[in-house]
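As structure tokens, the structure follows; a few thoughts come after it.
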Amino acid sequence: MAVVSSAHSTIFSKTSLFHHINGFKRFSFCLHFSSSAVASLSSKKKWRQPVASSMLELGGIKIAKDDVVRDDPTNNVPDTIFSKLGLQLHRRNNHPLGILKNGIYEYFDTNFPNMFHKFDDLCPVVSVKQNFDDVLVPADHVSRSYNDTYYVDSQTVLRCHTSAHQAELLRRGHTHFLMEGVRVFTPDNWEASGLDPTSYAAEDLKKSLEGLARHLFGAVEMRWIDAYFPFTNPSYELEIYFQGKWMEVLGCGVMEQEILKSNGRSNSVAWALGLGLERLAMVLFDIPDIRLFWSTDERFTSQFSEGQMGVKFKPFSKYPPCYKDMSFWINDSFTENNLCEVIRGIAGDLVEEVSLIDNFTNKKGMTSHCYRIAYRSMERSLTDEEINDLQWQVREQVQNKLNVVLR
């Protein structure tokens, strides 16, 4: 089951976070970029992209920058993504993501003592087979495209989900583990229940996850929604009624038998779950901007302590945004993900969001898009000079790299 969490330094999917507003799209660009890059700059200095370290160690494996950012026609990993690989915010016990992860561990340790093995430092560089084939992602699935996944080379990627390690851990003999969540059952578990294996696993799954939701959110109303995932059948989403609205907490389901059979568990059934630490942490801690997770500003970091679940974040400053619009005629190869990459590569964490505010197709069949870029720093006021300079670079690179015609 895919865990949607860059906190694990595991999610390197390029897909933007799209939201529809008044018929148009708005998307955040800040999932992988640290606001600490600009923390020490004065308002008079121009912003510069952070320089990535040349060597990291993840999961006991040393990874050089050249191992990930290569001069290869199939490589699409920018320096800014490599620079975030080693941060591992989820392993910091006084960080909101680490606090939430430990809260999840606490629930499973309390309710299932000594049952689940924990993995939170597995290497994020995996094969295409591990990332897609082993978890039954169809060959034509959009997630395999270069617009949606970071490829090191044609057969190696930065994993899009921790399910990329699922087959490996099953083959190594693990039957209960947390990175995502997996629990394997044998006939001894279900035969006395009067239920078929799939129903038994589904019932245990729902009971376990309803308990987890209460552990994290308190006595909340819940509902189960039927869903589709390539690697589970049946598949579900758990929603809770929290702060006046329904919110998806996680996706889950009964693992496809093909995965179990391929990894030495042919006489078994299993459930799997996945959740996004950042999104849940933003709700639990009232954190309004996902970029704050990467901030080193003490006004942010000092507000959280190990074991203190749900402490409400107190905003420490509000700097005004600066809006710049850009219109251009698109071509058949244009994608908003590629636009996202270009803008992130230039302005990085200084871009708060980009909104598609207008589009139309003329009588000649040419389509125009107009995007509004919101520039904002969380640590300082931005100057007109540096924003104008960034916007000029954005326009130039969008035109050159995406082959669009500026209006």
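The values are calculated or read from the model by the stated rules, or taken from the named source; none is laboratory data. This is a predicted model, so every value here is computed, not measured. Cβ coordinates were reconstructed from backbone atoms using ideal geometry, including for glycine residues, and neighbour counts include every protein chain displayed. Each accessible area value is taken on the protein alone, full model and side chains, heavy atoms only, with ligands, DNA and RNA left out. Shrake-Rupley method; radii C 1.70, N 1.55, O 1.52, S 1.80 Å.
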Fill in the blank from the handout: Screening LYS206, LYS245 for residues that are of a type in the set (Lys, Arg) and in contact (Cβ under 8 Å) with a residue 24 or more places away in the chain leaves only LYS206
Completion exercise
Taking region 97-126 and keeping only residues that are of a type in the set (Lys, Arg) and open to solvent by 20 Å² or more (accessible area, probe 1.4 Å), one is left with LYS118
Practice task
Can you tell me which residue among LEU339, LEU350 is in the same structural domain as CYS322 (by the TED database), surrounded by 18 or more Cβ atoms within 10 Å (Cβ to Cβ), farther than 22 Å from SER295 by Cα and under 22 Å from the mean Cα position of the chain (by Cα)?
Solution key: LEU339
Problem - Tabulated pairs, region 219-230, first under 14 Å from GLY251 (Cβ atoms), second among the aliphatic types (A, V, I, L, M), C-beta under 6 angstrom, 6+ apart or interchain - result: PRO230/LEU136; PRO230/VAL137
Exercise for the section: Taking the residues in region 54-96 that are free of Cβ contacts under 8 Å to residues at least 40 places away in the same chain and charged (D, E, K, R) as candidates, determine which candidate is least open to solvent (accessible area, probe 1.4 Å). Expected result: LYS65
Handout entry: Selection from region 146-155 of residues that are at pLDDT 90 or above and surrounded by fewer than 19 Cβ atoms within 10 Å (Cβ to Cβ)
Key = ASP153, SER154, GLN155
Problem - Qualifying residues in region 127-142 (those that are touching a residue at least 40 places away in the same chain (Cβ under 8 Å), farther than 15 Å from ASN263 by Cα and open to solvent by 30 Å² or more (accessible area, probe 1.4 Å)) - the one farthest from the chain's Cα centre (by Cα) - result: PRO138
Problem - helices (runs of 4 or more DSSP H) within region 296-407 that include 2 or more residues over 28 Å from VAL77 (Cα atoms) and in contact (Cβ under 8 Å) with a residue 24 or more places away in the chain - result: 384-402
